[in-house]
Amino acid sequence: MRRAHDRAAGELAAAVRPLGLGLRHFAVLIELAKQSPQSQRELGEKIGRDTAGMVRIVDDLEEAGYAVRRPHPGDRRIRAVEMTPAGLEAFDAAHDAAQPIAEALVSHLRPGEAEQLMDLLTRFTYPSGGPESP
């Protein structure tokens, strides 16, 4: 598992690094592209980061102009993170850079195995039926 993670993470990190993003930033942008705004707590739970780590990641995204914090509509004590138009552009660029890498990582698998691998990894990662896609 560790070797698979290192291989995939290393190649994907190299793909998004020229855009000034780390994988942790890209992970947050992925979640915000699915649903924006979200609380920092929600984002942290989805990408597996603690509160302090999420604060640093969102600080970085705010500094780059990719996200903003706003009062949460349902609870003023909570700050909601929202993707900016520049953040959407950065997400699109990172996705475009990462897509061929992701395809190459599984290109040696037989037909249907890439989908099977994704299904197995998702169920392994979220045994209680958590997010449908990581």
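The values are calculated or read from the model by the stated rules, or taken from the named source; none is laboratory data. These numbers were taken from a predicted model, which means no experiment stands behind them. For neighbour counting, all protein chains shown are included, and Cβ atoms are generated from backbone atoms with ideal geometry for every residue, glycine included. Accessible surface is based on the protein model in full, side chains and every heavy atom, while ligands, DNA and RNA are left aside. Shrake-Rupley method; radii C 1.70, N 1.55, O 1.52, S 1.80 Å.
Among the criteria (1) open to solvent by 70 Å² or more (accessible area, probe 1.4 Å); (2) farther than 16 Å from Leu43 by Cα; (3) at pLDDT 90 or above; (4) charged (D, E, K, R), the one Arg76 does not fulfil is (3). Against the numbered list (1) out of contact with any helix residue (DSSP H, G or I) (no Cβ under 9 Å at 6 or more places or on another chain); (2) surrounded by 11 or more Cβ atoms within 10 Å (Cβ to Cβ); (3) of a type in the set (Phe, Trp, Tyr), Phe26 comes up short only at (1). Checked against (1) among the polar types (S, T, N, Q); (2) open to solvent by 50 Å² or more (accessible area, probe 1.4 Å); (3) closer than 21 Å to His5 by Cα, Thr122 passes all but condition (2). Annotation note: Cβ proximity below 8 Å between a residue of the stretch 44-55 that is farther than 12 Å from Val28 by Cα and among the charged types (D, E, K, R) and a residue that is assigned to a helix (DSSP H, G or I) and open to solvent by less than 40 Å² (accessible area, probe 1.4 Å) (sequence gap 6+ or interchain) occurs for Asp50/Gly44.
Does the stretch 56-72 hold any residues that are more than 13 Å from Val28 (Cα to Cα) and either touching an Asp or Glu at 6+ places or on another chain (Cβ under 7 Å) or touching a residue at least 24 places away in the same chain (Cβ under 8 Å) (or both), and which are they? Walk me through it before giving the result.
Our first condition is that a residue be more than 13 Å from Val28 (Cα to Cα); within the stretch 56-72, this holds for 63-65, 69-72.
Within the stretch 56-72, Ala64, Arg69, Arg70, His72 meet the criteria.
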